[in-house]
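These notes concern the structure reproduced below.
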Amino acid sequence: MCTFLCAHRTITSGGRWPKTALRWTTSWRWMAAGACLTSSAVLLVCSRRHLPYLTIAEVCALEDALPRSKTHNFIADVVEAINPGVVYIQATGRHAMLGVPVMSNGSGFLVSEHGLILTNAHVVSGRREVEVKLSDGQRLHGNVLYVDVASDLAVVKITGKNFPFLKLGSSSQLRMGEYVVAIGSPMTLDNSVTTGVVSAFRGGTELSHKLGVGSAVAHNTFRYIQTDAAITHGNSGGPLVNLDGHVVGISTMKLTEGISFAIPIDHAKEFLAKVDEAEKAKLSRKSAGEPAAGPRGLAQQQRKVLGLTMLTLTADIIAALRERSWRFPNVQGGVYVHNVFSNSPAFKAGIRPGDVVIGVDGRDITSTKDVFEAVERSSTSVQLTLVRGHQVLVMEVLPEVIQ
């Protein structure tokens with residue numbers, strides 16, 4: 001790099017390149033841009049008439065003064081900036097939806113200096129209260145204010161002020177191939193980091209992983225972010241950020257190695273706007289002396305719960321799963337069971353993670369929407385036809401009705 005810069009530094013006294021010098025074409029402009037990126041010690045003035053005069057010794061001396069470990073670790077810079085705003089969440093007690101003792105954990109991140117935390121609904125797992133651990137080691141009591149099961153989003157509030165919070169970016173501006181960073185607390189460990197790129201965008205009809213089912217869940221219109229940054233169970237609810245340190249998604253689940261999904265931040269902004277409206281309405285009722293509304297959700301309605309998370313199998317996802325595991329069933333479509341919640345209706349029926357549902361009540365299904373609608377139509381139990389390895393099984397599941 002030093003040789004390239006100094007070999008073409010000769011400028012005539014009139015400030016012009018000699019006729020024998022290299023012509024400043026578009027390709028050479030790109031080479032100069034590359035020099036800017038790979039040698040931060042050198043400032044190239046992209047002008048047709050001027051180029052800074054530096055000797056090889058001067059350039060190399062500047063490079064020695066600014067080692068690459070300090071000037072090229074852009075991932076470390078991002079992590080250092082966002083780490084204070086990421087939290088670990090642990091929920092223990094009885095499941096408010098299913099009424100059974102459970103414990104769950106995951107991640108979240110602060111979205112306001114007043115202690116508002118955004119996370120996944122499945123992280124708080126139906127609890128009203130959770131324990132929140134900050135990056136500095138503080139452990140605080142958290143109240144679950146709002147839950148949107150349909151979007152798998154929840155808001156937790158901790159008491160205090162001047163908390164470090166993350167800036168929300170725009171998921172609509174994301175491009176395929178763009179670098180992203182996921183940070184969270186897998187296996188209850190302190191904040192851990194994974195990196196990758198945006199692989200694709202999946203529509204709501206392709207991907208759904210909800211605790212409940214019904215028309216609201218089945219018709220999500222936003223597109224999930226697919227990334228090869230590893231998102232584990234403990235990372236769920238944590239931020240997916242771009243290289244500016246702006247949150248572009250909420251890490252949600254890992255399907256298999258190299259295939260993970262995040263909820264786009266633009267959809268989460270809509271959820272937060274509804275939360276803000278609900279909080280203002282709550283304050284208005286309080287000032288009027290009216291009783292406070294329940295904290296469980298923005299819109300109270302009955303839902304039927306199977307207690308599992310699911311993913312519609314598209315052709316490319318099936319191909320990717322087969323590449324990674326010879327055990328994957330020989331199916332052309334269906335719904336992949338990603339996770340089964342302990343003591344849930346699906347758990348009691350014997351459904352396992354990795355099963356592929358291909359039918360409900362004797363009818364073939366091709367998407368999670370088909371499962372949602374079939375369960376919603378049912379008056380009692382539903383029969384799920386699924387493939388496990390080389391076996392085809394039929395299991396009867398009695399959904400739980402929740403508010």
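The values are calculated or read from the model by the stated rules, or taken from the named source; none is laboratory data. The model shown is predicted, which means the values in this text are computed figures rather than measured ones. Heads up, the Cβs are rebuilt from the backbone with ideal geometry, glycines too, and the neighbour counts pull from every protein chain shown.
For every residue, the table says whether it meets (1) out of contact with any Lys or Arg (no Cβ under 7 Å at 6 or more places or on another chain); (2) free of Cβ contacts under 8 Å to residues at least 24 places away in the same chain; (3) closer than 24 Å to N339 by Cα.
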residue: K133; (1), (2), (3): no, no, no
residue: Q138; (1), (2), (3): yes, yes, no
residue: V144; (1), (2), (3): no, no, yes
residue: S151; (1), (2), (3): yes, no, yes
residue: S172; (1), (2), (3): yes, no, no
residue: I183; (1), (2), (3): yes, no, yes
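This table checks each residue for (1) over 28 Å from the mean Cα position of the chain (by Cα); (2) modelled with pLDDT of 90 or more; (3) not in a loop (DSSP other than H, G, I, E, B).
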site: N339; (1), (2), (3): no, no, yes
site: I351; (1), (2), (3): no, yes, no
site: G359; (1), (2), (3): yes, yes, yes
site: T366; (1), (2), (3): no, no, no
site: V371; (1), (2), (3): no, no, yes
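If the condition is being within 18 Å of S185 (Cβ to Cβ), among the aliphatic types (A, V, I, L, M) and either in contact (Cβ under 8 Å) with a residue 40 or more places away in the chain or assigned to a strand (DSSP E or B) (or both), then region 106-131 contributes L110, V111, I117, L118, A121, V123, V130. Answer yes if at least one residue in region 200-223 is farther than 19 Å from V86 by Cα, surrounded by 20 or more Cβ atoms within 10 Å (Cβ to Cβ) and at pLDDT 85 or above, and no otherwise. So far as region 200-223 goes, no, none of its residues is farther than 19 Å from V86 by Cα, surrounded by 20 or more Cβ atoms within 10 Å (Cβ to Cβ) and at pLDDT 85 or above. When V387 is tested against (1) closer than 23 Å to G234 by Cα; (2) out of contact with any Lys or Arg (no Cβ under 8 Å at 6 or more places or on another chain), just one condition goes unmet, and that condition is (1).
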